[in-house]
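The values are calculated or read from the model by the stated rules, or taken from the named source; none is laboratory data. Computed from a prediction, not measured in an experiment: that's the story for all the values here. Please note: Cβ atoms are built from the backbone with ideal geometry, for glycine as well, and neighbour counts cover all protein chains shown. Surface accessibility is based on the protein's heavy atoms, side chains included, excluding ligands, DNA and RNA. Shrake-Rupley method; radii C 1.70, N 1.55, O 1.52, S 1.80 Å.
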Amino acid sequence: ILPRLDSIKSLGVNVIWLMPVFPIGIINTVNSPYCIRNFTEVNSEFGNLENLRTLVREAHKRNMAVILDWVANHTSWDNPWINNKSWYTQDGNGNIIHPAGTNWQDVADLNFDNAAMRLEMIKALKYWVLEANIDGYRCDAADFVPYDFWKQAIDTLRSIPNRKLIMLAEGARVDHFNAGFQMNFGWNF
């Protein structure tokens, strides 16, 4: 991307949205970047944290923002969080399940009733703002995640001093705007 930044800027681009840059799970894998094995690491296929910092720094020099694709609804089956079983949705037998109503067998559904999981997710969101200087998030499957989590997370992110963050919900719920998102998807456009 670095050698193409001037060309990208010349197209009128002011925000670069990166698909998930995190390591991909290997259990039940379909090699989807939305199957996150670790929320605070860069997939070595894309480089490392310093490479991301360089991209953000160079984009900022050109008055372009960089946002990351964030997957809040689920993790891979080999994410370290899986050791905290209560952080995940479970069936009647206590088995962790994939997201209900989907065929996303490669991922485990997170339990947003668990306060500890929420805090760890928010900590990971803050990590990229503070460590890589990113400018916000495009939040995947935002309609699957409860309003009160988004409100808590976005309020926390907005409390970081001297930051103007871009928050885009991949969803259509009206309450996303009340939670702090500036944009969502116009599915019916």
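Quick rundown of the values:
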| quantity | calculated |
| --- | --- |
| Long-range HN-HN contacts of residue 16 with modeled amide H, under 5 Å | 65, 66, 67 |
| Shape of segment 75-189, Cα gyration tensor, a/c cut at 1.5 | oblate |
| In degrees, nearest ten, helix 115-132 long axis to first principal axis of the chain (Cα) | 20 |
| By average C-beta atoms within 10 angstrom, highest first, the peptides 27-34, 74-81 | 74-81, 27-34 |
| Neighbourhood net charge (10 Å Cβ-Cβ; Lys/Arg +1, Asp/Glu -1) for residue 34 | -3 |
| Mean separation of Cα contacts under 8 Å (6+ apart) over length of segment 55-108, as relative contact order % | 29 |
| Length added when fully stretched, residue 86-residue 175, from 0.36 nm per residue minus Cα-Cα | 29.4 nm |
| Antiparallel DSSP beta bridges within the chain, percent to nearest 5 | 30 |
| Qualifying trypsin sites (Lys or Arg not before Pro) in segment 135-177, DSSP loop, other Cβ atoms within 10 Å at most 14 | 163, 164 |
| Kirkwood-type radius of segment 77-127, with distances r between different C-alpha atoms, in Å | 11.5 |
| Whole-Hz couplings from phi, Karplus 6.51/-1.76/1.60, listed for segment 5-20; x for Gly and Pro | 4, 5, 5, 4, 4, 5, 6, x, 6, 10, 9, 9, 9, 8, 4, x |
| Positive minus negative residues near residue 122 (Lys, Arg vs Asp, Glu; Cβ under 15 Å) | +2 |
| Charge context of residue 9, other residues only, Cβ under 11 angstrom, K/R +1, D/E -1 | +1 |
| Modelled FRET efficiency - R0 35 Å, residue 8 with residue 159, Cβ distances, 0.05 increments | 0.65 |
| Distant-in-sequence amide H partners of residue 88 (H built 1.01 Å from N, under 5 Å) | 111 |
| Whole-number percent relative contact order across the chain, with pairs defined as alpha carbons under 8 Å at least 6 apart | 19 |
| Packing-based order for 45-56, 1-12, using average beta carbon neighbours within 10 Å, highest first | 45-56, 1-12 |
| Theoretical ellipticity at 222 nm over the chain - DSSP helices of four or more residues, -39500 (n - 2.57) apiece, nearest 500 | -8500 deg cm²/dmol |
| Per residue accessible area in Å² of segment 50-176, where ligands, DNA and RNA are left out and the probe is 1.4 Å | 44 |
| 10 °C / 1.306 mPa s Stokes-Einstein diffusion coefficient of segment 1-91, Kirkwood radius on C-alpha pairs, µm²/s | 108 |
| C-alpha long axis of helix 49-61 to longest principal axis of the chain, angle in ° | 40 |
| Per-residue ³J(HN,Hα) for segment 87-102, Karplus 6.51 cos²θ - 1.76 cosθ + 1.60, θ = phi - 60°, Hz, x for Gly and Pro | 6, 10, 5, 10, 7, x, 9, x, 8, 5, 10, 7, x, 4, x, 10 |
